[in-house]
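Beneath this line is the structure, given in structure tokens, with notes to follow.
The values are calculated or read from the model by the stated rules, or taken from the named source; none is laboratory data. Source: prediction; values computed, not measured. Here the Cβ positions follow ideal geometry from the backbone for every residue, glycine too, while neighbour counts run over all protein chains shown.
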């Protein structure tokens, strides 16, 4: 296996991980601050992809598509939070999980009604198509852009969380929401803000992924489960864990799918590797999760 | 007037037990007579439908052991259902059709799966617990999908149902009575279990784990045991499900299926013995009705689920029981 | 020779840079009530958690009845003889008082994985449970569900539970918390009676109770042991007076 091939897959893994990190950061924020299990997070990813792709297909302007996607998901998220989800903050996690599960059903059906059940497509914006030479490895420009955007967002989020007043309130609220309320902060507004930002991040991930995945109803579910694995491995409530965990999981998943099959073929018979290869590849991430949890049940970078 | 008199009768212990006994007998008789009546009225489809309810009720009852009584929100429980279905389907591919064999296989594999995943999952906090059970369910899902020789994601058709005493379990009437009998047996077993020393300790662990540890109980062991029992039961349920549809599919264990199971328990009333049964019946009936009403039924189901989660505290069964006295 | 029933040697615990427990040597002798006092933040809770096993010490040993329990789990320490009562009442509200105590009794015994017989019917446990409940004054309410119990009754039940454990040492974590002087006199008497069964390590803020009950007192401040001695010694100790008692007569 050529080193450039390995490097290529590793870069792919990082790109996937960066995209996951946008989702994971949003989800872990929502979870860390409001102690709210939001299973519908993946639905906002789907919404961002659909809305963004539609805007792009109509206008041809990628930037507009991004803005549209993020705005749409933030608005829908804000409305959902205000009307329904707010009532669940005091419920136990089981009810939260069930309610947001109900949201998934509604959103998926909505998407199927508006855009039809068949996959929807968006092409890579021409300005970003083609490839970029990274130390001898040609890497698709678009995917590099995702990495760049993702890392910039990571940096922005870090600055906001750790250096701004809002970030301080967010961190304080995750430890002790009552004190923050006692300080005169409108916790309701803070919660709504955090939830909306989380949805926006999911929407951003959606539009960024749109040209390179098939956009269809139900696409949020698969990516959601992986996001859950990321935040469990990284440590629920930890932004650092969300990012580092996402890169880790993204790389393991991507490289696992590419390398496990051929590696097995080298050591085992065709029959075994033919069956076990794909199976192992899809479950390697969960095996890693199990190992991490067996060693550190609270996650790798847990804050609690 | 009649209501208050009825209430007074129900409050009197001995009358209450007598009435409960009468109700149970009535229920047993009508349940047994149901298929006969249905066939006579040319409504055989309903026998299949009610059998489906019985099977899912059984799955919900098994989930309730850890969810309702143990406080463990397992969001991957449907994985036992799909495992059980394959325990019936795969042997039939090789001509091994014995029902007892299928059940034995289901119990062995189901308990092993529960043991292995439980060891990891039961050490996490409540919230991570939900997520990790979900993740393990996905793991099994992908494993089953990758089994191309057994159908992969298209599922596996069964040429024959599980055979017991020369009869096919997949026969509608046989399956109905077997499911009814198994459900009754499991419910009785669960009642005894919850009042047994193990059951009392387990409920104590669910109520206050710190306290129980401080008394000297290795709490993980108790939760693990309950989880294994629950998983094993649910897997056997999968065998019944495969016989209902003569089909095994990874989708039986999808996380949506797990979510629906949880919903049945919550809808009916977690932590009660009758709750999951009522919940399963209610959910499946509502689903059937909405399917008939609109092609967009998933959305309506979703709205219903949201409403139930937001407004319900304790479920239908608890509501009924509370308002009886 | 008074061999201590519970002993810590050089117990140390850090949280990051913060030294919560600073090389604490503590011992509780047979037949004594040993009180642990100190201002809030002194590290009493952290110390207790290292005794019960909830926290793992960074350095030092915990020795119970001559046996080094520093590395064993919470539940096995309980079985080794550590009877702990909780500061925030941790009684099981969905059960009756009798069931609560029976569960305490069942812990060390066989038949815990019995799936079939009724726990209600374990008569031998009943007798012992009734005895413990009567001793704390809850005999009449044995078959009442705990969720109807008042705060004082729940405190009594906590004592009954730890009594039923027949431990080698009682670890009472603020048993008088949240009680008025009138309510607490009953509990104080109960604690005094417990001394005949096993020694007691008593963590308390109620100074009146501490000074009337304790045979010896250990004062903790900033994680360090400030002093150990009889109530009189402690009352007269200059360091203690200035840092904690504020010069007041206790």
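Some notes on this structure:
- Restricting the range B:262-308 to residues that are buried (at least 24 other Cβ atoms within 10 Å of the Cβ) and within 11 Å of chain A (Cβ to nearest Cβ) leaves a set whose member that is nearest to residue B:50 (Cα to Cα) is B:264.
- Filtering A:244, A:293, A:228, A:280 for residues that are farther than 24 Å from residue A:168 by Cβ, under 19 Å from the mean Cα position of the chain (by Cα) and touching a residue at least 24 places away in the same chain (Cβ under 8 Å) leaves a single hit, A:228.
- Flag for residue C:133 being at the interface with another protein chain (Cβ under 8 Å from one of its Cβ atoms), closer than 26 Å to residue C:201 by Cα and more than 17 Å from the chain's Cα centre (by Cα): no
- Number of residues in the range A:104-123 that are over 30 Å from residue B:128 (Cα atoms) and surrounded by 17 or more Cβ atoms within 10 Å (Cβ to Cβ) equals 4.
- Selection within the range B:25-43 - over 17 Å from residue B:277 (Cβ atoms) and surrounded by 12 or more Cβ atoms within 10 Å (Cβ to Cβ): B:35, B:37, B:38, B:39
- Any hit, the range B:179-189, residues being surrounded by 23 or more Cβ atoms within 10 Å (Cβ to Cβ), away from chain C (no Cβ under 13 Å) and either closer than 30 Å to residue C:84 by Cβ or in contact with a helix residue (DSSP H, G or I) (Cβ under 8 Å, 6 or more places away or on another chain) (or both): yes
- Pick from the range C:85-104, criterion outside any loop (DSSP other than H, G, I, E, B) and more than 9 Å from chain B (Cβ to nearest Cβ), ranking: farthest from the chain's Cα centre (by Cα): C:96
- Any hit, the range B:228-243, residues being within 18 Å of the chain's Cα centre (by Cα) and over 22 Å from residue B:111 (Cβ atoms): no
- Checked against the criterion of being crowded, with 17+ Cβ neighbours inside 10 Å and within 14 Å of chain B (Cβ to nearest Cβ), the candidates A:139, A:101, A:62 yield just one match: A:101.
- 2 or more residues under 19 Å from the mean Cα position of the chain (by Cα) and either free of Cβ contacts under 8 Å to residues at least 40 places away in the same chain or over 30 Å from residue C:158 (Cα atoms) (or both): qualifying helices (runs of 4 or more DSSP H) within the range B:121-221: B:126-146, B:172-195
- Of the residues making up the range C:67-84, those that are at the interface with chain B (Cβ under 7 Å from one of its Cβ atoms) and assigned to a helix (DSSP H, G or I) are C:74, C:75, C:78, C:79.
- Residues being more than 9 Å from chain A (Cβ to nearest Cβ), surrounded by fewer than 22 Cβ atoms within 10 Å (Cβ to Cβ) and touching a strand residue (DSSP E or B) at 6+ places or on another chain (Cβ under 9 Å) - total across the range B:133-157: 4
- Number of residues in the range C:105-124 that are more than 8 Å from chain B (Cβ to nearest Cβ) and under 29 Å from residue B:228 (Cα atoms) equals 4.
- Flag for residue C:61 being in a helix (DSSP H, G or I) and either modelled with pLDDT of 95 or more or more than 8 Å from chain B (Cβ to nearest Cβ) (or both): no
- Within the range B:195-217, the residues that satisfy the criterion of being within 17 Å of residue C:82 (Cα to Cα), out of contact with any strand residue (DSSP E or B) (no Cβ under 6 Å at 6 or more places or on another chain) and within 7 Å of another protein chain (Cβ to nearest Cβ) are B:210, B:211, B:213, B:215, B:216, B:217.
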